1. All but one of (1) within 30 Å of Asp419 (Cα to Cα); (2) crowded, with 17+ Cβ neighbours inside 10 Å; (3) aliphatic (A, V, I, L, M); (4) more than 23 Å from the chain's Cα centre (by Cα) hold for Leu90; which doesn't?
2. Answer yes or no as to whether Ile61 is outside any helix (DSSP H, G or I), in the same structural domain as Gly182 (by the TED database) and among the aliphatic types (A, V, I, L, M).
3. How many residues are among the hydroxyl-bearing types (Ser, Thr, Tyr) and closer than 19 Å to Ile456 by Cα when one looks only at the range 283-305?
4. Just to be sure I understand, how many residues within the range 12-30 are buried (at least 22 other Cβ atoms within 10 Å of the Cβ) and within 19 Å of Phe426 (Cβ to Cβ)?
5. Out of curiosity, is Ser373 of a type in the set (S, T, N, Q), out of contact with any Leu (no Cβ under 7 Å at 6 or more places or on another chain), buried (at least 24 other Cβ atoms within 10 Å of the Cβ) and more than 22 Å from Thr310 (Cα to Cα)?
6. Quick check on the range 149-161. Is at least one of its residues touching a Pro at 6+ places or on another chain (Cβ under 6 Å) and either outside the structural domain of Phe380 (by the TED database) or at pLDDT 95 or above (or both)?
7. Scan the range 352-394 for residues that are farther than 30 Å from Arg301 by Cβ and of a type in the set (Asp, Glu) and jot them down.
8. Checking the conditions here, which among Gly497, Gly513, Gly486 is crowded, with 17+ Cβ neighbours inside 10 Å, at positive phi and either of a type outside the set (Ser, Thr, Tyr) or modelled with pLDDT of 95 or more (or both)?
Amino acid sequence: MRDFHFPGRSPVLATNGMCATSHPLAAKTAIDILQSGGNAIDAAIAGAVLLGICEPQMTGIGGDCFVLWSETPDSPVKAVNGSGRAPAALDAAMLRAEGHAKVPPLSAHAVSMPGAVDAFCYLSDAAGRLGLADILAPAIHYADAGVPVAARVASDWAQDAPALQGHGRDHYLINGKVPSGGELFRAPGQAEVLRRFAKHGRDAFYTGEIAEDMLAALNAEGGLHTADDFANVAATPTDPISGYYNGLEVVEHPPNGHGVTAHLLMNILAQFDIAAMDPFGTERTHIEAEATKLAYDTRNRFLGDAGHMTRLDYMLSMDTAKSLAALIDPKKAMQSATKLSETVHKDTIYITVIDRDGMSVSLIYSIFNGFGSGIASEKFGILLQNRGAGFTLEEGHANELKGGKRPMHTIIPGMLRKDGKVIMPFGVMGGAYQPNGHARFVSNLTDFGMDPQTAIDGPRAFAIEDEMRVEHSYSQKVRQELSDLGHNVVEPATAIGGAQAILIRNDGVLEGGSDPRKDGCALGY
């Protein structure tokens, strides 16, 4: 229970339905959909699409999504992969021949096909109740009328605006300037796209004038995308992967997302007595950082499109985790996980909704980097993701860029089950941080007995790119001790990630938590 002498958030409690997401307008819209007779799928889609207007630097209909859902707490968890593929004509050899070591993130070559719209159509048909016209009506209204730019969004917008180019600047700057907090952002072109999508379904987006508008923007920048690439976009129903941490079953989306990285990280952490450590002390933070380095190095070696990946069982194996855990020195930071582990190996929105019937949805939806590729279509202002930057150009790698492949993805929705029952959909935003965020959140719940809101609120640290990024909510003592262990401690420019979760309590009450690092909230009725 929180100490009411300090600022903070109390858990949100309700019985009929709940949404937790990163913008209050999207949370309110999802609740409105539930109260008007929609189910959790309808509400999640409605809120997610609106988030593309509320937080356009994070997500939009030019992006991808992954979704987990269960029809009741006792039902199996289902998954759909709404990530797009590389255009058929593109190949890593082409970029290597041009002298590139990586896919240029602000180029048309980084733009994989936008898969979210097809996934939303699939979900609406497979499990929704209301239909697209009702689901999309709120986003259409706000795209036309405008949404006041929220405080965190304004900060991110200013930071990410340099990525915008050409028509992207026309549609996502106001009179050539970054909008300030409270200023209205309108997207009338997207409103028209959503009207056509609502009336005619996915073909209105992937064929005809809307697809031609996106295609023209990409081809003008040297992209090899074709009309067939757009027409052939298709979401893929798939089976989740799961593992256990402290008796809780953690359900994740399978590759090409990196939920498997979260499982490997939790398996490594399970080799240590984390519960005996100070939750926000030096020892736990150091062990988590070292485990993260090893888990992410493993991801970089093996993760890719599910059709090209052969080491999934290896990454899920507890033997692999034990071998990696043995490489961790409790008294010293490793300088190169890649060299050390040779002996073993040989920016996003999240929304979760639960309805009165117990249907749970965990949906994550992104354009990757802030403002994605920075490329937007001329007429409708559809901002295109740069998920293709997640490919590697390394010849023979499972994640090597090839036409028709899906890139490795950072976004991962999650769910927790106990005794076979879904008890909590949850998600963590923050690009590459997400597996680390999943592991820390689940550890906060189970090792330290925190409620969802407290588990979300706690300080975060993240070891990446030779840095130990430590939020300033950590004590100076911990920061110094981490430095003494050999970590390159830096304070990140922005708070690390965001998170939302909804717990189905034993008494049937829904308990929601939402990250104060974002503008959003949990709402219920």
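1. (1)
2. Judged against the criteria, Ile61 is a match.
3. The number of residues fulfilling the criteria is 2.
4. 10
5. no
6. Yes; the residues of the range 149-161 include at least one that is touching a Pro at 6+ places or on another chain (Cβ under 6 Å) and either outside the structural domain of Phe380 (by the TED database) or at pLDDT 95 or above (or both).
7. If the condition is that a residue be farther than 30 Å from Arg301 by Cβ and of a type in the set (Asp, Glu), then Asp355, Asp357, Glu378 are the ones that fit.
8. Gly497
The values are calculated or read from the model by the stated rules, or taken from the named source; none is laboratory data. No experiment lies behind these values; they were computed from the predicted model shown. Because the Cβ atoms are built from the backbone with ideal geometry, glycine has one as well, and the counts that use them run over all protein chains shown.
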